[in-house]
Structure formats: C-alpha cells, structure tokens
Amino acid sequence: MLEPNEPGDNALILEFKVFRPGKEADLEETAAAALAQIEEKNYVAALRAKGIPAERIRKYGFAFEGKTVRIRRG
C-alpha cells in the first residue's frame, strides 16, 4: 500500500502475482486473482481506518510472466 502524504491525494493498493500455467489460464486471469485478493483480504480497511475516503483509494492487480506484464485496475 502507498499512503498519500497530502489529504487530497490518492492511496494505492498494489498486488503482484506471477502467472502459473497450472493455476490460471492466462495473465488476465492472474491479474483478476490479484484484484480478488485485495478484496478478500480487505486491504482497503486499513486505509479507511486512517480516514482516507473510498473514492481516493486506487486498486491495481499486476500479473507477470517473465518480462510480460498485465495490469488490471479495480
């Protein structure tokens, strides 16, 4: 998580996952799994507890396979 220094700035939640062919079909599915983990583990709660409004919290799921990257925004 990246917390803002200024009250009006955005907070970022980043989740990184490595693509595993036996577990996911493709990078898109891996990136979706990264976003799902953000929701399942309720990472937003820590930022909300510090007074950061939900509309200022950005969520990103990153999926890697070698040098290839897929990013999904939640």
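Structure notes:
- Criterion: of a type in the set (Phe, Trp, Tyr) and out of contact with any Ser or Thr (no Cβ under 7 Å at 6 or more places or on another chain) - qualifying residue of Phe19, Phe64: Phe64
- Complete set of residues in the range 15-47 that are open to solvent by less than 60 Å² (accessible area, probe 1.4 Å) and aliphatic (A, V, I, L, M): Leu27, Ala31, Ala32, Ala33, Ala34, Leu35, Ala36, Ile38, Val44, Ala45, Ala46, Leu47
- Tabulated pairs, the range 38-49, first in contact (Cβ under 8 Å) with a residue 12 or more places away in the chain, second open to solvent by less than 50 Å² (accessible area, probe 1.4 Å) and of a type in the set (S, T, N, Q), C-beta under 9 angstrom, 6+ apart or interchain: Tyr43/Gln37
The values are calculated or read from the model by the stated rules, or taken from the named source; none is laboratory data. Remember, predicted model here, so these are calculated numbers, not experimental data. Positions of Cβ are backbone-derived with ideal geometry, glycine not excepted, and every protein chain shown enters the neighbour counts. Keep in mind that these areas ignore ligands, DNA and RNA; they rest on the heavy atoms of the full protein, side chains included. Shrake-Rupley method; radii C 1.70, N 1.55, O 1.52, S 1.80 Å.
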